[in-house]
Amino acid sequence: MRYGLFYGCAVPSRLPFIEKATAFVLGKLGIEAAPIVDATCCMDPIVLKSLSVDAWLASSARNIALAQEQGFDAVLTLCNGCFCSLNETAGMLEEDKTLLAKVDGALRGIGRSYRGGMTVKHLTQVLEGIDPSDLAKRLVRPLAGAKVAAFHGCHLVRPAKYAKVDDPVRPTILDRLVDRLGGVPVEYSERNECCGMGFTGTAPESAAERMGPILRAMESAGASFVVTPCPSCFLQIEGAQRTAGLAFPLPVLHVAEMYARAFGMDGKEMGLGYHRVRFAEEGVTV
Amino acid sequence: MSGLAAKASNCMQCNVCGAACTAGPVNGLRPREVVQRAAAGDPGLADGPEPWKCVTCYACASQCRAGIDVAELFYELRNEAARRGRIPDAYRAVAKQVLASGCAFPVTRNTARMRQELGLPPFAVSPRGVEELNSLCRAAGLPDLDRHPEAPVDAGAPGKEA
């Protein structure tokens, strides 16, 4: 399996340390992956799809078509938004051949083509697929009982019709990934809430407020850090801390960073210093 | 009536969508009412604030007992408003950014430096990518982003009831 790596835009242009951690993890696992050449952003599933489902679908399909043209077997994403756009597009085109023909026609207009058949994966799925003995061999810095709040976000598991990563209402895939590294996933009341990124366009103050109760619930549950599969949730979780009224800052790691640390990547090399909420080496049992 | 609106007539008004809704507690969105108005063919629905109050978390659709794709109904209403030039300013700005750079979040001076320090190559969508994206969006009927509505679009500020 050779993956076309789809970095999207929030990871490379806001949180590039996630890109670096991902390359490290894939390298350690011997997973073959390379960036998709000439890709654009996924086509923002909130904004572009809201303005024109047809334009969103065609331009999202273009990214999948590029992966097919460049000989990749599947597309790999690190972001819930990218996963949502690309996976829903692939799913829609798979189930509706008339739609596929229409989109392929639009792509031919720019000298591209998509014949269907590509799959889209989120990094969490690839991590869950690691053979336990392979994982044991690479696990040099286990979480050693650290309490971790798993925050899944929305677009990893919904729309349920296409996502099929986990239960669409109460996902636990991230908890399982924490558990495998020797950490303790904590139970907290707000675990299935939305990070509120969708408010940033029309009501930014609501977007900031949204995370407050979620962060406080994580803190009450005794979490020492948060893990998320999504750069939008990551930005929201970091951004809301100043107003959340926490006793201590609650650092956040993208799931790629959590695995990179567990596989021995040095914190400085990972760029942990660039986090707005510092992931302290001291005081956090990792 | 669109396919989704026709399906909306299956609604039993159980309000599971309302209980699941992320936006409701913040901005007063009541998806149950939106479904009801869509089923009744309310012509003013798309031009009101309701469609833009949704945060697209898809919680409503994943729990609807009548199998109504409530989230897609919101997209359909937004598309309809956008065709008439009724696009909230923030959405317009992001869409313009995407067409100009190929990206919703372009690299900033800060993050460009961060990439360099991390030993990562510079990041930008290739000019060919941006060009193809613009051609596709034009051909697929992305609404004219420079066409502005006569009255500003009310996107449902928090606390405002519909």
Mean separation of Cα contacts under 8 Å (at least 6 apart) over the residue count of the stretch B:3-83, i.e. the relative contact order in percent, is 37 percent
In degrees, nearest 10, the alpha-carbon axis of helix B:70-83 is tilted away from the dominant principal axis of the alpha carbons of chain B by 70 degrees
If unit charges are put on Cβ atoms (+1 for Lys and Arg, -1 for Asp and Glu) and the dipole of chain A is taken about its Cα centre, the option from A:LEU100, A:GLY71, A:PHE199 lying farthest towards the positive end turns out to be A:GLY71
Over chain A, cysteine residues that find no other Cys C-beta under 4.7 Å are A:CYS84
If the label point sits 7 Å along Cα→Cβ of A:GLU94, residues of the stretch A:119-133 with amide N under 16 Å come out as A:119-123, A:125-126
In the structure shown, of A:LYS121/A:LYS147; A:LYS164/B:LYS53; A:LYS28/A:LYS137; A:LYS20/A:LYS164; A:LYS137/A:LYS164, the pairs separated by more than 22 angstrom at the C-alpha atoms are A:LYS121/A:LYS147; A:LYS164/B:LYS53; A:LYS20/A:LYS164; A:LYS137/A:LYS164
Comparing A:SER224, A:SER13, A:SER113 in a Gaussian network model of chain A (Cα, 10 Å), the one with the largest mean-square fluctuation is A:SER13
As straight-line cross-link partners of A:LYS97, the qualifying aspartates and glutamates (C-alpha separation under 17 Å, not fewer than 8 residues apart within one chain) are A:ASP54, A:GLU88
One finds the C-alpha centres of the stretch A:1-63 and the stretch B:35-52 to be spaced, in Å, by 34 Å
Counting only DSSP loop positions in the stretch A:73-178, the trypsin sites (Lys or Arg not before Pro) whose Cβ has at most 13 other Cβ atoms within 10 Å are A:ARG115, A:LYS164
Taking A:PHE17, A:PHE24, A:PHE6 and counting other beta carbon atoms within 10 angstrom, the fewest-first order is A:PHE24, A:PHE17, A:PHE6
Fewest to most Cβ atoms within 10 Å: A:THR243, A:THR77 sort as A:THR243, A:THR77
Rounded to a whole number, the mean other protein chain Cβ count within 10 angstrom for residues of B:23-34 is 2
For chain B, any Cys whose C-beta has no other cysteine C-beta under 4.7 angstrom counts as unpaired, and these are B:CYS11, B:CYS14, B:CYS21, B:CYS54, B:CYS64, B:CYS137
Restricting to Cα pairs under 8 Å and 6 or more apart, the percent relative contact order of the stretch A:2-124 works out to 29 percent
Dividing the helical contributions, -39500 (n - 2.57) per DSSP H run of n ≥ 4, by the residues of chain A yields a 222 nm value, nearest 500 deg cm²/dmol, of -13500 deg cm²/dmol
Expressed as a whole-number percentage, the relative contact order of chain B with C-alpha contacts under 8 angstrom and at least six residues apart is 28 percent
The helix A:16-29 Cα axis meets the longest alpha-carbon principal axis of chain A at an angle in degrees, between 0 and 90 and rounded to 10, of 90 degrees
Fewest-first ordering of A:PHE279, A:PHE83, A:PHE199 by Cβ atoms within 10 Å yields A:PHE279, A:PHE199, A:PHE83
Helix A:80-95 sits off the longest principal axis of the Cα atoms of chain A, rounded to the nearest 10 on a 0 to 90 degree scale, by 30 degrees
Mean other chain Cβ within 10 Å across B:57-66 is 5
Chain B, Gaussian network, Cα under 10 Å: of B:PRO25, B:PRO143, B:PRO121, the residue fluctuating most is B:PRO121
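Every number here is computed from the coordinates shown, using simple stated rules; none is lab data. As the structure is a prediction and not an experimental result, all values here were calculated from the model. Glycine also receives a Cβ, built like all others from the backbone with ideal geometry; neighbour counts cover every protein chain displayed.
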